[in-house]
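Q: Could you have a look at this structure, given as structure tokens, before my questions?
The values are calculated or read from the model by the stated rules, or taken from the named source; none is laboratory data. In this text the structure is predicted, and so the values were computed from the model without any measurement. FYI the Cβ positions are ideal-geometry reconstructions off the backbone, even for glycines, and counts take in every protein chain you see. What goes into the accessible areas is simple: the full protein's heavy atoms, side chains included, and nothing from ligands, DNA or RNA. Shrake-Rupley method; radii C 1.70, N 1.55, O 1.52, S 1.80 Å.
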Amino acid sequence: MGNCRTLCIAGNWKMNKTAAEAKAMINELTSMVADINDTDIVLCPTFTALTAAVDAAAGTHIAIGAQNVHWAENGAFTGEISADMLKEAGVEYVIIGHSERRQYFGETDETVNRRLNAALAAGLKPIVCVGESLEDREGNKTEDVVGTQVTGSLAGLTDEQMEGVIVAYEPVWAIGTGKVATPQQAQDTHAFIRGKLAELFSEDTAAKVRIQYGGSVKASNAAELLGQEDIDGALVGGASLTAADFAGILTNRPRNCCQCG
Ligand code: PEP
């Protein structure tokens, strides 16, 4: 028997797909996932494809997310985007602190926390990413690194705010590499994150927070990963780029116990 947290499967398109390509893929996906009503389905296109994606997803079960948000309401921050701008575009979710942003764009736990506060204030649903490098894992530092990221990224949130945040555990060594964490490795770190959330917030809040796994998720490994007690969804990169691959993950997921009794 699993838990009663609604699964959330999100696709991170990274710097892929024009507005026209986004629209075509969403149109194709819509009929493939029409029967799935027990899972939150999210697609995160680039900024220029957001409006087209929101329009294409209107009236479907698919929600649209952005890949970043700035902490300021407006101002001299070339290349950034505000939470209100995303809201105006019809965006519901936002990925914050993806490892590529931490690695290539100097994102830190402090900037993640600032972005997170702005997203929450605007009513966006944040997906906050954490995860260790291969060096960290091989040096037995996974819990230290992930624990520090969780504590710093989520600092100062109230329990109520935390309940609206999704945490994505994405071991950096598994992103885009084809190397997937074993279900047990993923479950162990998810359970560790949930324990850390219980220390930082209440047990009740920790039990409600959804924790996604990310790192080379595809249709063939989704069911086993998503069947783990503390894995409440997936953040998917490569396999979210075609409707067939993404729908394969959605149709291979286990059903929520709340639906199946
Ligand atoms: C990601 O970018 O968040 C990701 C998990 O990528 P991939 O599924 O391609 O490993």
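Q: Would you compute, from DSSP H runs of 4+ residues alone, the mean residue ellipticity of the chain at 222 nm, taking -39500 (n - 2.57) per run and dividing by the full residue count, rounded to the nearest 500?
A: -12000 deg cm²/dmol
Q: At a probe size of 1.4 Å, how large is the accessible area of VAL130, to the nearest 10 Å²?
A: Counting only protein heavy atoms, the figure is 10 Å².
Q: What is the distance in Å between the Cα centroid of the stretch 84-161 and that of the stretch 226-254?
A: Distance between centres, Cα-based: 21 Å.
Q: Moving on. Using a probe radius of 1.4 Å on heavy atoms only, what accessible surface per residue do you get for the stretch 55-101? Whole Å² is fine.
A: 47 Å²
Q: Still on this model: If each residue of separation counts as 0.36 nm, what is the full-extension length gain between ASN27 and THR108 once their alpha-carbon separation is subtracted?
A: The span from ASN27 to THR108 would gain 25.5 nm if fully extended.
Q: Moving on. For ALA186, what charge total do you get from the other residues with a beta carbon under 13 Å from its beta carbon, if Lys and Arg give +1 and Asp and Glu give -1? Each step should come with its number before you reach the end.
A: On the way: positive: ARG137, LYS179, ARG194; negative: GLU132, GLU170, ASP188, GLU224, GLU229, ASP230, ASP232.
Its environment carries a net charge of -4.
Q: Another question, then. Which is the longest run of the chain containing none of the chymotrypsin sites (Phe, Trp or Tyr not before Pro) found in DSSP loop states (not H, G, I, E, B) with at most 14 other C-beta atoms within 10 Å?
A: Numbers: sites that count: PHE77, PHE105.
Between the exposed loop sites, the longest stretch runs 106-261.
Q: Pull up the cross-link candidates among the lysines for LYS141, meaning alpha carbon to alpha carbon under 25 Å and not fewer than 8 places away within one chain.
A: Cross-link targets: LYS179, LYS196.
Q: Projected area of the stretch 117-227, taken from the Cα convex hull and averaged over every viewing direction, in nm²? Mind showing how you got there, number by number?
A: Details: hull surface 28.3 nm².
Orientation-averaged projected area of the Cα hull: 7.1 nm².
Q: Note the full-extension length gain between GLU138 and ALA198 as 0.36 nm times their separation in residues minus their Cα-Cα distance, in nm to one decimal.
A: Additional length available on full extension: 19.0 nm.
Q: Something else now. In angstroms, what radius of gyration and Dmax does the chain have, counting Cα atoms only?
A: 17.0, 52
Q: Right, next: Let me have the relative contact order for the stretch 179-261, percent, based on Cα pairs under 8 Å that are six or more residues apart. Provide the component values of the computation, followed by the final result.
A: Numbers: 100 pairs, mean separation 24.5, N = 83.
Reported relative contact order: 29 percent.
Q: Debye calculation, C-alpha points only, no solvent: report log10 I(q)/I(0) for the stretch 49-149 at q = 0.12, 0.20 Å⁻¹, in the same order as the q values.
A: One equal scatterer on each Cα of the stretch 49-149 leads to -0.45, -0.98.
Q: Multiplying the sequence separation of LYS87 and CYS4 by 0.36 nm and subtracting their Cα-Cα distance, what value in nm do you get?
A: Contour length minus Cα-Cα distance gives 27.0 nm.
Q: Can I ask one more? Give the lysines reachable from LYS14 as a straight Cα distance under 17 Å; neighbours fewer than 8 places away on the same chain don't count.
A: LYS14 reaches LYS23, LYS218.
Q: Something else about it: Rounded to the nearest angstrom and ordered from largest down, what semi-axes does the equivalent ellipsoid of the stretch 1-51 get from its C-alpha gyration tensor (root of 5λ)?
A: Largest first, the stretch 1-51 gives 25, 14, 7 Å.
Q: Out of the stretch 70-142, which GluC sites (Glu not before Pro) are coil in DSSP terms and have no more than 12 other C-beta atoms within 10 Å?
A: In loop regions of the stretch 70-142 (DSSP not H, G, I, E or B), the sparsely surrounded GluC sites (Glu not before Pro) are GLU73.
Q: I'd like the carbon and sulfur percentage of the solvent accessible area for the chain, probe radius 1.4 Å, heavy atoms only, ligands and nucleic acids excluded.
A: Ligands and nucleic acids excluded, carbon and sulfur give 50 percent.
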